[in-house]
Amino acid sequence: MPSQHFSSFLLAVSLLSAAALFRLSSADIGTASHYRAPYLPTACYGNEAAQFPSSNLFAAAGEGVWDNGASCGRQYVVRCISAVAPRTCIPGQTIRVRVVDRALSSVTRPSRGGTTLVLSTSAFAAIANGSPGAINIEYQQV
């Protein structure tokens, strides 16, 4: 009888591990750059200053995320996974950003064009050391 319990235990652990792995793999991989103020007007909300979260963690959407403006107001959990320079990513640091603009039409140009997300300077500094032109990110809509 103890071997049946052990087998059930192993099955439960295996199923939980598979579920955790599936959950972790639902994020997308992309790139992020950064941009500076002035941030107004934005493609999503014009000159409305209230659009920005008090944390200053916001982003402009690259074309792959823009979705004809449907991304306005969406929130993404973002973390740095790699960069050209070693030790750029801040280990274990994850942020939540709100899309408030379109990267192609932002008032201030991004540090690098063609990225998935263009993060505010505060958002970028929260997950990356220094100010590289771009980083590789894992992101997921929440």
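Rule-based calculations on the coordinates, nothing more; no lab input. Model, not experiment: these values are computed from the prediction. Quick reminder, even Gly has a Cβ in these numbers, built from the backbone with ideal geometry, and neighbours come from all protein chains shown.
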When Lys and Arg each count +1 and Asp and Glu each count -1, what net charge do the other residues less than 12 Å away from residue 41, Cβ to Cβ, add up to?
-1
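If eta is 0.890 mPa s and T is 25 °C, what Stokes-Einstein diffusion coefficient results for region 26-91, Kirkwood Rh from Cα pairs, in µm²/s? Don't skip to the answer; put the middle values down first.
On the way: Rh = 13.9 Å.
The diffusion coefficient I find is 176 µm²/s.
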I'd like the projected area of region 34-142, averaged over all directions, using the convex hull of its alpha carbons. Report it in nm² with one decimal.
6.0 nm²
Extent along principal axes [Cα atoms of region 69-108; Å; largest to smallest]:
34, 20, 12
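Which of the peptides 68-75, 29-36, 118-125 is most tightly packed, and how do the rest follow, judged by the mean count of other Cβ atoms within 10 Å per residue? Walk me through the intermediate numbers first.
Details: 68-75: 14.4, 29-36: 20.0, 118-125: 22.8.
The packing order, highest mean first, is 118-125, 29-36, 68-75.
Once the piece of chain linking residue 142 and residue 107 is laid out straight, how much longer is it, given 0.36 nm per residue of separation minus the C-alpha distance between them? Spell out each step's value before the answer.
Values: separation 35, 0.36 × 35 = 12.60 nm, distance 2.65 nm.
Taking residue 142 through residue 107 to full extension adds about 10.0 nm, to one decimal.
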